[in-house]
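The values are calculated or read from the model by the stated rules, or taken from the named source; none is laboratory data. All figures in this text were calculated on a predicted structure; none of them were measured in a lab. We place every Cβ from the backbone using ideal geometry, glycine too, and count neighbours over all the protein chains shown.
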Amino acid sequence: MVQKETYLNVIDNSGAKIFNCIDVGKGFRRRYAFVGQCILGSIKALRTKRKLTVKIQKGATSPAVIIRSRINSSSGITDSIKFLDNTVVLLTKQKKFLGTRVFGTVPGLFRYTRFLKIIFLSSGISK
C-alpha cells in the first residue's frame, strides 16, 4: 500500500536509487496504490555520481510500477504476499521499461497483467 509522499527503492538498472510518489493514479479520491499499479513520482537519489551511465536525472518525474509492498497484497488470483520493503520499476512516458534488468524476486501475479515482461527481466519469481 503506497500513498503520496512515500519513498520507494528502485530495483532496476536505470540508475535511480530512491523514488518519491507524487500521485497514485486515476480515480475519484484515490488514496492508495497496491502491487501491480502505476504511480507517478520523482527521482530523489541516483546510484552513481557519473552522469554518463545514468539514464535519468535527479528530480525528473517518471511513472513507475509497484513491484513489492510491505503491506499484505491479497487478490483473487493469488494468496497474500508481504515483503520487507517497498520497491518500484521505472517506466517511460509510453509505459515501457526504462531499465533492462530487474534485481530480486517479483510476485507471480505479474503473469496476469500487462507487465508480463517484468518476470522475464527479473532474477526470480515468488509464488
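Scanning the range 43-70 for residues that are β-branched (Val, Ile, Thr) and at pLDDT 90 or above yields a count of 5.
The set of residues in the range 95-111 that are out of contact with any Gly (no Cβ under 9 Å at 6 or more places or on another chain) and surrounded by fewer than 19 Cβ atoms within 10 Å (Cβ to Cβ) comprises Lys95, Lys96, Phe97, Thr100, Arg101, Phe103, Gly108, Arg111.
Quick grid of which residues meet (1) part of a strand (DSSP E or B); (2) surrounded by 16 or more Cβ atoms within 10 Å (Cβ to Cβ):
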position: Leu84; (1), (2): no, no
position: Val88; (1), (2): yes, yes
position: Lys93; (1), (2): no, no
position: Ile119; (1), (2): no, yes
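Filtering the range 101-117 to residues that are part of a loop (DSSP other than H, G, I, E, B) and touching a strand residue (DSSP E or B) at 6+ places or on another chain (Cβ under 8 Å) leaves Arg101, Phe103, Gly104, Phe115. Taking the criterion of being out of contact with any Lys or Arg (no Cβ under 9 Å at 6 or more places or on another chain) and touching a residue at least 24 places away in the same chain (Cβ under 8 Å), the residues of the range 84-101 that qualify are Val89, Leu91, Thr92, Lys93, Thr100, Arg101. Being at pLDDT 90 or above, out of contact with any helix residue (DSSP H, G or I) (no Cβ under 8 Å at 6 or more places or on another chain) and not charged (D, E, K, R) is the requirement here; does Leu116 meet it? It is false that Leu116 is at pLDDT 90 or above, out of contact with any helix residue (DSSP H, G or I) (no Cβ under 8 Å at 6 or more places or on another chain) and not charged (D, E, K, R).
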